[in-house]
Amino acid sequence: MLCDVCKCNDASVFLTQIIEGKMQKVNLCDACSKEKGVQDPTGFALADLLLGIGAAEEIEKGAPTQKCVVCGFTQVDFKKTGRLGCSECYVTFSEGLGSLLKVMHKGTEHVGKLPQRAFRQIELTDKMRSLATNLEKAVAEENYEDAATLRDQIKQLEHQIAD
Amino acid sequence: MKFNQIMASGGEWLRGEGPHHQVVVSSRVRLARNLRHRAFPGWAKKAERTLILEQIKPRVEELPEMQDSFSEFLSDLSALEKQVLVERHLISREHAAKGIGSAVVMNRKQTLSIMINEEDHLRMQSIRSGLQLKSAFKLVDKIDSVLEGKLDIAYDQRLGYLTACPTNVGTGMRASAMLHLPGLVLSDLINQVIQAVNKIGLAVRGLYGEGTEAMGNLFQISNQTTLGEKEDEIIARLTKVIETIIEKEHDARQVLIQKKSDTLSDQIGRAYGVLTYAHAMTSKEALNLLSIMKLAVDLGAFSEDRRLPIDELFIDTQPAHLQKTSQQKLNAEERDFLRAQIIRERLKNFPKPDMNKVAREPAPKSLPAPPNNE
Ligand SMILES: [Zn+2]
Ligand SMILES: [Zn+2]
């Protein structure tokens, strides 16, 4: 059996994984398995390989000409490295990444640890949203006194979020 | 703390005193984290990488767990020193290839190692001896919680922790255990076990990779996915599978003792003979024979106080450790001579294996029954 990556050497490393009930197989030769980092016990995942082989096209579909505003990363770079440029890239390339993550992982949403800082941010954002709704209502009802108070509270909250 | 001190002390996890230490050599949990809106190490220019390093390193060094730590820029370590750290699983091979703009900080006990600017800005790893994934996670989770208060960590409400590679996004966690499975290998059952484990979405690899060919009958098993499952769920799932493998290994050993005692005696006798008398030995041969010696201690053919010297040889006969001990660069042939010499010296006073002492016990019943996944 030939190696899936170089397609010239005999494969000596065989990997299988079930993703959403579909069996995925990758056969690699010694050299390619090393190059793909199969020997790094903490870094390697089969999805990683799939990512290098076919998944780069996935991301391209979502963002044909996009460039990350924070780091300048493009889909061509992703194709080359199989890695993203910065945290904002997840927003920039979200459309293509969505289907990619679905293939790679058990779910599409994080259900684990929540950092305290993010937790606070989420709380503040929620509070902001409810203040904004109330303000809208107050304005609609021509209740200008309440609206002024709400505007002050929003301003204060904006400062808090910026910190 | 100096590099020589790392060489001198074995590190807590190497002493092998954790639960199920006969089969589970070590448990490791690593978390990947990044700074928000900063280029990941692989994409950042040298200047930005250095800035990020200068921002993160002091925060890591001031952790209470990192008092009296070993903290070094990768650019200040020799190739040999980096390789020693790789052989101890304290840094990854990828990190060893890094130079300017990367660093490693580890505690004195070598139970905690933090790589800065590996593939992600932060790769925090905790290692424990035996099967202790839960406590390994607890330690690294605590460090993470402290650091997130001081650093602006990239996190998305939907996707969780954002990592350079999409395969790590979510928890950013990789939990793995190194298992010593000579019984399953000698009984030709190992491939069956590996396939079953792969089927449920876990990865199995050799000691340092080398394809699927495992040296020293050592195998690493770890989670492959990081999104859509809680940290403690991943760890519980992995632990359960490992407990099943432990039981299968015990069963395989009992079958060998009861039905193939001649083969077993032959294997142990050969390992003892070659290790005590050979004058040249490759790293691979040494690991494979030491694995049989370790099994012999487990089974009672050697007394329990012979365990530590064998365990130490697993690490001390690795190429970089050999050269670091001998204080010189050696070619492969010279290493093979020195390796055999060191092994001969350490085993000089080893008695012959006593196969009459090998215990014929029923398989342990204390473990939960294996899940029906075959
Ligand atoms: Zn190949
Ligand atoms: Zn970016």
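The values are calculated or read from the model by the stated rules, or taken from the named source; none is laboratory data. Worth saying up front: this structure is predicted, and the values here are computed from it rather than measured. Cβ sites come from the backbone with ideal geometry, for glycine too, and all protein chains shown count toward neighbours. SASA here: full protein model, heavy atoms, side chains in, ligands and nucleic acids out. Shrake-Rupley method; radii C 1.70, N 1.55, O 1.52, S 1.80 Å.
A few remarks follow.
Residue-by-condition table, conditions (1) at pLDDT below 95; (2) surrounded by 17 or more Cβ atoms within 10 Å (Cβ to Cβ); (3) more than 27 Å from B:Leu90 (Cα to Cα):
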position: B:Met281; (1), (2), (3): no, yes, no
position: B:Leu289; (1), (2), (3): no, yes, no
position: B:Pro309; (1), (2), (3): yes, yes, no
position: B:Leu313; (1), (2), (3): yes, yes, no
position: B:Thr317; (1), (2), (3): yes, yes, no
position: B:Ala320; (1), (2), (3): yes, yes, no
position: B:Lys329; (1), (2), (3): yes, no, no
position: B:Phe350; (1), (2), (3): yes, no, yes
position: B:Asp354; (1), (2), (3): yes, no, yes
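Rundown of residues vs (1) within 26 Å of B:His20 (Cβ to Cβ); (2) buried (at least 20 other Cβ atoms within 10 Å of the Cβ), yes/no style:
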site	(1), (2)
B:Ala103	no, yes
B:Ser145	no, no
B:Gly149	no, no
B:Thr171	yes, yes
B:Ala175	yes, yes
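- Top-ranked residue of the stretch B:199-227 - restricted to ones that are in a helix (DSSP H, G or I) and at pLDDT 85 or above, ranked as surrounded by the most Cβ atoms within 10 Å (Cβ to Cβ): B:Asn217
- Qualifying strands (runs of 3 or more DSSP E) (wholly inside the stretch B:89-198; at least 2 residues being at pLDDT 95 or above and touching a Pro at 6+ places or on another chain (Cβ under 6 Å)): none
- For the stretch A:131-145, the criterion of being over 13 Å from the mean Cα position of the chain (by Cα), in contact (Cβ under 8 Å) with a residue 24 or more places away in the chain and under 26 Å from B:Tyr155 (Cβ atoms) is met by at least one residue.
- Some residue of the stretch B:114-137 being crowded, with 18+ Cβ neighbours inside 10 Å, closer than 26 Å to B:Leu322 by Cβ and aliphatic (A, V, I, L, M): yes
- Qualifying residue in the stretch B:46-66 (condition: in a strand (DSSP E or B) and at pLDDT below 95): no
- The set of residues from the stretch B:23-43 being out of contact with any Gly (no Cβ under 8 Å at 6 or more places or on another chain) and either away from ligand 2 (no atom under 16 Å from the Cβ) or open to solvent by 10 Å² or more (accessible area, probe 1.4 Å) (or both) comprises B:Val23, B:Arg28, B:Val29, B:Arg30, B:Arg36, B:His37, B:Arg38, B:Gly42.
- Among the conditions (1) open to solvent by 20 Å² or more (accessible area, probe 1.4 Å); (2) more than 16 Å from ligand 2 (Cβ to nearest atom), the only one that A:Glu88 does not satisfy is (2).
- Leading residue by the ranking (most open to solvent (accessible area, probe 1.4 Å)) among those in the stretch A:101-123 that are facing chain B (nearest Cβ under 7 Å) and in a helix (DSSP H, G or I): A:Gln116
- Any pair with Cβ under 6 angstrom, 6 or more apart, that starts in the stretch B:260-282 at a residue that is without any contact (Cβ under 8 Å) to a residue 24 or more places away in the chain and ends at one that is part of a helix (DSSP H, G or I): B:Val274/B:Leu289
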